[in-house]
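The values are calculated or read from the model by the stated rules, or taken from the named source; none is laboratory data. As the structure is a computational prediction, the values presented were derived from the model and not from experiment. Using ideal geometry, Cβ is built from the backbone for each residue, glycine included, and neighbour counts are taken over all protein chains shown. Protein only, heavy atoms only, side chains kept; ligands, DNA and RNA dropped before computing areas. Shrake-Rupley method; radii C 1.70, N 1.55, O 1.52, S 1.80 Å.
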Amino acid sequence: MSETLTLANARLILPKGEMTGRVTLQGGEIVELAAGHAVPAGAIDCGGDIVAPGLVELHTDNLERHIRPRPSAHWPHKPAIVAHDAELAACGITTVYDAIRVGSIEGKGGVGWSRYARDLADELLAMRAAGALKISHHIHLRAEICSHTLLEELESFGPEDRVGIMSLMDHTPGQRQFADLGQYATYMKGKHGLSEEVFQEHVRTRQALGQAVRDAHEAAAVAAAQRLGAVLASHDDTLVEHVVRSAGHGIALAEFPTTEAAARACRSHGIAVMMGAPNLVRGGSHSGNVSAEALARAGLLDIVSSDYVPAALLYAAVLLGGIWGDLSRGMATVSRAPAHAAGLMDRGMLAEGMRADVIRFRLIDGVPVMRGVWSAGARVA
């Protein structure tokens, strides 16, 4: 019989509310929830700490940051994957959809993107199969519409890769996230050190490429998602027209809409709205787009993603709990809601029969401090 673990005398965050009690894990599942302050023999006394479901991350650039820690520094993939996995586990993330870009930029015209998706996916899947990873990893393909190699790269993936999410990314300058070319210039010059002349060439070539390939690449990515059985997501919807187009593709998830109008349109089309935790923590978007807090207060926020700061995910859930006066609702945006959006119905909440992904933390001056993380019942942090 597998080892049994009980976390007792805890503030349990349940799907609809809270209770003081205990949760018992066995065989990779939650087997019992019970109310009360009692600490049975052999149980861990949590001393009133918060015990909640493990966090579910649908869109993180963190793996890309590990394989390329500096613009010109490339890191070996396998140790990068292990380091990324350990970092997420320490932050309470027990399920992750690792964002991997498909679609590269060739030739001149500013900053190029080299292809890497197939090799990185192979290494990630191999490390997962070998039992080298602490948490549950899935693949999220970021289909860069404005690119040269998207069609070829999409063809290299098949159903055996179990791609979970396909997002349609169009980073053409002058639209969506980069509608404000002044903000875009600040971002590109600061990150890549581009001169004004090189920046202007970059804008011209990218806009021409987007105009030439947008419709064909978007259609191919939608078809690939259907072929792979992946949930389809939009990215940086700005106009109502963008959302209408997304709805026509059967998109179920909107990543980081940039305006309240787009978020409202998503709600009217039954598309879940996801915003970035850093936006919420910092009090606004670094690109000058709509704030996550504004959408939360308007009742237009369903899911939160750590985006580029893994540690921000749990903190954002706590902040939402304060905004809404309901920590259970805040935690749902980083556990149950993202799990269900990705089609994972076996995790994301404390309930008997669910996968034993559990975190224990306490709040110190309003900041969550992790005390323990369990993935499928095994302690990973």
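Based on DSSP loop calls and a cut-off of at most 10 other Cβ atoms within 10 Å, the longest stretch of the chain free of exposed trypsin sites (Lys or Arg not before Pro) is what?
Working: sites that count: 16, 108.
It works out to 109-381.
What Kirkwood hydrodynamic radius, in Å, does the stretch 22-72 give when the mean of 1/r is taken over all pairs of distinct Cα atoms and then inverted?
Numbers: mean 1/r = 0.0675 Å⁻¹.
Roughly 14.8 Å, rounded to one decimal.
Would you mind calculating the gained length between residue 29 and residue 345 on full extension (0.36 nm times residue separation, minus the Cα-Cα distance), in nm to one decimal? Could you put the intermediate results ahead of the total?
Details: separation 316, 0.36 × 316 = 113.76 nm, distance 1.32 nm.
Here the answer is 112.4 nm.
Which of the listed residues, 233, 104, 94, is farthest toward the dipole's positive end in the chain, when Lys, Arg count +1 and Asp, Glu count -1 at the beta-carbon?
94
Checking a compactness column here: for the stretch 1-44, what do you get for Rg(Cα) / (2.2 N^0.38 Å), N being the number of residues?
On the way: Rg = 10.4 Å, N = 44, 2.2 N^0.38 = 9.3 Å.
In units of the globular-protein estimate, the stretch 1-44 measures up at 1.13.
Quick check: at a probe of 1.4 Å, how many percent of the accessible area of the stretch 34-108 sits on carbon and sulfur atoms? Please report the intermediate quantities before stating the final value.
Details: 1710 of 2930 Å².
In the stretch 34-108, the share of accessible area belonging to carbon and sulfur is 59 percent.
I want to check the label-to-label distance for residue 70 and residue 197. Put each point 7 Å from Cα in the C-beta direction and report it in nm to one decimal.
2.6
Could I have the simple spin-label model distance between residue 216 and residue 122, label points 7 Å from Cα toward Cβ, reported in nm to one decimal?
2.7
Please compute the Kirkwood hydrodynamic radius of the stretch 201-308 from all pairs of different C-alpha atoms, in Å with one decimal.
Here the Kirkwood hydrodynamic radius works out to 14.7 Å.
Kirkwood hydrodynamic radius of the chain from all distinct Cα pairs, in Å?
Roughly 21.4 Å, rounded to one decimal.
Explain nothing, just the number: relative contact order of the stretch 187-312, from Cα pairs under 8 Å at least 6 residues apart, as a whole percent. All intermediate terms of the calculation are to be shown ahead of the outcome.
Numbers: 155 pairs, mean separation 20.3, N = 126.
Once divided by the residue count of the stretch 187-312, the mean separation gives 16 percent.
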